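What follows is one structure encoded as structure tokens, with my remarks underneath.
The values are calculated or read from the model by the stated rules, or taken from the named source; none is laboratory data. Note that the structure is predicted; figures quoted are calculated from it, not measured. Here Cβ is always computed from backbone atoms with ideal geometry, including for glycine, and neighbour counts include all displayed protein chains.
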Amino acid sequence: MCTVFVPGLAPRRIVSGTIRKSARLTRAGVTRISLNTEYFPLPPTHEEAISVSAVLAAARRHIKADIAFLAEFRGESEIIRKLDGNGAAVGLHEGSVLPLVETYCYHVVNGSVPRLVPDSSADERVRDLPTTQRLNIGAYLGTPIRFGDGRVYGMLCCISHEADPSIQDRDIKLIEILAEIIGEQLALEEDRSAATHDMRARIRGIIDHTGLRMVFQPIVDLGSREVVGYESLARFDAEPHRPPNKWFAEAWQVGLGIQLEILAVRAALARLSDLPSPFYLSVNVSPATLQSEMFSEAIAGADSRRIVVEVTEHDAIDEYLPLLQAVSRLNAEGFRLAIDDVGTGYSGLSHIVQVRPGILKLDMSLTRGVHTDPGKQALAAATAAFAARMQMQVIAEGIESAEDAMALQVLGIPFGQGFLYGHPSELPEMSSE
């Protein structure tokens, strides 16, 4: 029985990546793949199902080679991209660049050297090659790595410093299968890189050409139903058509999250002069944007008495000091701070106690249907009591029915917003009401 150890791969993930190759593995003499997850971390997501380093290690250990490496062909050079084993002993490192024509890989691809060389000293085709002496090659096994479209990426190679006549044809077949697995992973990474490039270009186009517009939703006094302010919300008309949160998520994914949020803040503040003076304007930012120099520049000179900075947190905050310093500067300049989505995600009580905002925005998941839900009623009442004790205001989000509005008012929530009072729309339309 032949066993290949592939460290770092979760069972269901390696199976999902190689199940269709199980018959080929059996023909190659591999009856099971043993997965060791004790010393190697699992891939962070299901999309990263195969670790190239883990496959290299599996190849080297199965062949009992001294070195296994992944080589990329680039022009007239061979570049060592990944390496497992003591390559330093022969001057081989990740990133090493070798003249392609002097490598075994070049000759294997051209057909002048076989994929398997059990004993280099007995094979006249490789015995006198400079690489044989330079890398101290006693035995060699290598196979091309190809993409699905037939392009050759490079080679998967195993080198032993001593001759090894025990290497058999079934080992070639196994290495071919592992090379195919690596090829699939490299193709996935290439696709991801291309997709990231496209995403970044798409977001960059929005930022460079102001490809967003702002709409505004009224915030009202639940008792009088009078408007007290407006929350500014970004909308995107560009392709692909999708919710705004998807655009912002993509911007963060490609490192342009702060820039896109700043674009929205500037677009919102440009409309502040269109609001009558009793009303305030709320702008949305993440903690990272709040702490940035770009945000300080965007709000410089704005009428702080009429601006609420609404902080939405989608990730845990590891270090509060920089955020608290930014909040302190805002308070000193007269801006008010609101915490969004209270009651969900990372906007919990510990977060609120640390940041000490002036306004809490109760998430719509806790307000919709509150008039018939004792649990939501208890949470809303507790939030109102906490806010009163801390001298904070509470705004209930997502109000769609008069019954919910009445219940929230009875529970001590003074302000609200939602479709009951107005959909997000262009400001001139709302100001004419």
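Out of the range 61-84, which residues are in contact (Cβ under 8 Å) with a residue 40 or more places away in the chain and either assigned to a helix (DSSP H, G or I) or over 29 Å from the mean Cα position of the chain (by Cα) (or both)?
Listed by number, the residues that qualify are Arg61, His62, Ile63, Lys64, Ala65, Asp66, Ile67, Ala68, Phe73, Glu78.
When the residues of the range 117-136 are narrowed to those that are buried (at least 20 other Cβ atoms within 10 Å of the Cβ) and more than 23 Å from Arg74 (Cα to Cα), which ends up nearest to the chain's Cα centre (by Cα)?
For the range 117-136, the residue satisfying everything is Val117.
Got a sec? Which strands (runs of 3 or more DSSP E) wholly within the range 86-194 have at least 2 residues that are touching a Cys at 6+ places or on another chain (Cβ under 7 Å) and either in contact (Cβ under 8 Å) with a residue 24 or more places away in the chain or outside the structural domain of Phe69 (by TED's automatic domain parsing) (or both)?
Working: elements: 97-99, 139-146, 152-160.
Filter on the range 86-194 gives 139-146, 152-160.
What's the total number of residues in the range 222-233 that are in contact with a helix residue (DSSP H, G or I) (Cβ under 9 Å, 6 or more places away or on another chain) and either among the hydroxyl-bearing types (Ser, Thr, Tyr) or free of Cβ contacts under 8 Å to residues at least 40 places away in the same chain (or both)?
So the answer is 2.
For the range 144-152, check the following and say yes or no: at least one residue is crowded, with 20+ Cβ neighbours inside 10 Å and either at pLDDT 90 or above or in contact with an Asp or Glu (Cβ under 8 Å, 6 or more places away or on another chain) (or both). Talk me through it step by step, then tell me what you get.
First, the residues of the range 144-152 that are crowded, with 20+ Cβ neighbours inside 10 Å: 145.
Applying the additional criterion that residues be either at pLDDT 90 or above or in contact with an Asp or Glu (Cβ under 8 Å, 6 or more places away or on another chain) (or both) yields 145.
Among the residues of the range 144-152, at least one is crowded, with 20+ Cβ neighbours inside 10 Å and either at pLDDT 90 or above or in contact with an Asp or Glu (Cβ under 8 Å, 6 or more places away or on another chain) (or both), which makes the answer yes.
Tell me yes or no: at least one residue of the range 49-67 is under 18 Å from Ile145 (Cβ atoms) and at pLDDT below 50. Please lay out each step first, then the result.
Of the residues in the range 49-67, the ones under 18 Å from Ile145 (Cβ atoms) are 49-60, 62-63, 65, 67.
Then drop every residue that is not at pLDDT below 50, which leaves 49.
Yes: one or more hits.
Going by the structure shown, is Ala332 free of Cβ contacts under 8 Å to residues at least 12 places away in the same chain and within 24 Å of Tyr230 (Cβ to Cβ)?
Details: free of Cβ contacts under 8 Å to residues at least 12 places away in the same chain: yes; within 24 Å of Tyr230 (Cβ to Cβ): no.
When the stated conditions are applied, Ala332 does not pass them.
Examine the range 192-202 for a residue that is touching a helix residue (DSSP H, G or I) at 6+ places or on another chain (Cβ under 8 Å), hydrophobic (A, V, I, L, M, F, W, C) and surrounded by 12 or more Cβ atoms within 10 Å (Cβ to Cβ), and state whether such a residue exists.
yes
Quick one: in the range 153-170, of everything that is under 20 Å from Gly111 (Cβ atoms) and at pLDDT below 90, which residue is surrounded by the most Cβ atoms within 10 Å (Cβ to Cβ)?
Ile167
Residues that are at pLDDT 95 or above, under 26 Å from the mean Cα position of the chain (by Cα) and not assigned by TED's automatic domain parsing to the domain that holds Ala251: which strands (runs of 3 or more DSSP E) entirely in the range 296-410 hold 2 or more of them?
No strands (runs of 3 or more DSSP E) qualify here.
Condition test on Glu310, is it surrounded by 15 or more Cβ atoms within 10 Å (Cβ to Cβ), of a type in the set (Asp, Glu), within 23 Å of Glu226 (Cα to Cα) and touching a residue at least 60 places away in the same chain (Cβ under 8 Å)? Write out each step before concluding.
Values: surrounded by 15 or more Cβ atoms within 10 Å (Cβ to Cβ): yes; of a type in the set (Asp, Glu): yes; within 23 Å of Glu226 (Cα to Cα): yes; touching a residue at least 60 places away in the same chain (Cβ under 8 Å): yes.
Yes; evaluated as a whole, the condition is true for this residue.
Filter the range 340-380 down to the residues that are buried (at least 19 other Cβ atoms within 10 Å of the Cβ) and among the hydroxyl-bearing types (Ser, Thr, Tyr), then identify the one that is nearest to Ile317 (Cα to Cα).
For the range 340-380, the residue satisfying everything is Ser347.
Gln217 is checked against (1) assigned by TED's automatic domain parsing to the domain that holds Ser53; (2) at pLDDT 95 or above and fails just one. What number does that condition carry?
Condition (1) is where Gln217 drops out.
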